[in-house]
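FYI, it's all coordinate maths here, none of it is from the lab. Note that this is a predicted model, so its numbers are computed, not measured. Please note: Cβ atoms are built from the backbone with ideal geometry, for glycine as well, and neighbour counts cover all protein chains shown.
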Amino acid sequence: MPPRPLAPHDEAAPPDGVDAAGVDTAAGMDAAAADDAAADTAGVDAVAPAPHDEAWFEALIRAYATPVHRYLVRRVDRSDAEDLAADVLLVAWRRRDDVPDEAPLAWLYRTAGFVVANYRRKGRAIPVGELPDEPDDDDPAVRAVRDDQVRAVLAGLSPRDRQVLLLHAWEGLTGDELATVLGIGRGGADAALSRARSRLALAWAAHAAL
């Protein structure tokens with residue numbers, strides 16, 4: 001006798017995750033969820049950084065005008081520091097598209113180094129279009145060190161070593177921020193600081209032995 005055809009109520013139920021048409025609904029839901037997650041991630045990635053407009057510049061001044069002025073007071077005559085700080089901020093406005101959102105203060109310090117270099121060469125405030133390619137490391141900042149022995153030891157170091165040590169000691173810069181100001185990579189900045197510290201220790205020992 002041939003087998004009896006299945007009645008409608010005898011039909012086997014589809015396995016979990018598969019509808020009556022044989023579609024793998026679980027896989028479909030997983031794919032949909034993945035698409036939603038991708039869309040969410042794309043939405044996050046697509047958020048544009050804040051525009052460098054007047055509001056951004058005002059916030060930059062509020063946050064960093066004082067440390068920039070302090071940087072300059074340590075390296076030039078106090079009477080000129082305010083004008084030079086204004087020059088640095090004017091450079092930041094004119095070159096606002098170049099100011100990084102992640103490390104604006106380091107960028108400002110590097111710009112201040114260029115402004116100070118031209119100021120020393122010319123003895124006056126400078127137009128912002130005449131920034132030099134490299135800072136001048138002839139560092140009268142040594143005069144700002146009050147301790148005679150420390151001043152004497154620093155004066156015996158190379159301009160580069162003094163620059164690195166003072167950026168670290170006065171501005172508290174290390175790592176990526178120090179690298180930005182020096183215009184080199186992170187590894188180079190770490191090595192420069194380590195070498196400068198070693199030379200300072202040797203110079204200090206030699207000075208103490210006199």
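A few notes on this one:
- Considering all different alpha carbon pairs of region 54-108, the Kirkwood hydrodynamic radius works out to 11.4 Å.
- Three-way shape label, region 137-210, alpha-carbon gyration tensor, a/c 1.5: prolate
- With both labels modelled 7 Å from their Cα along Cα-to-Cβ, the T174 to S194 distance reads 1.4 nm.
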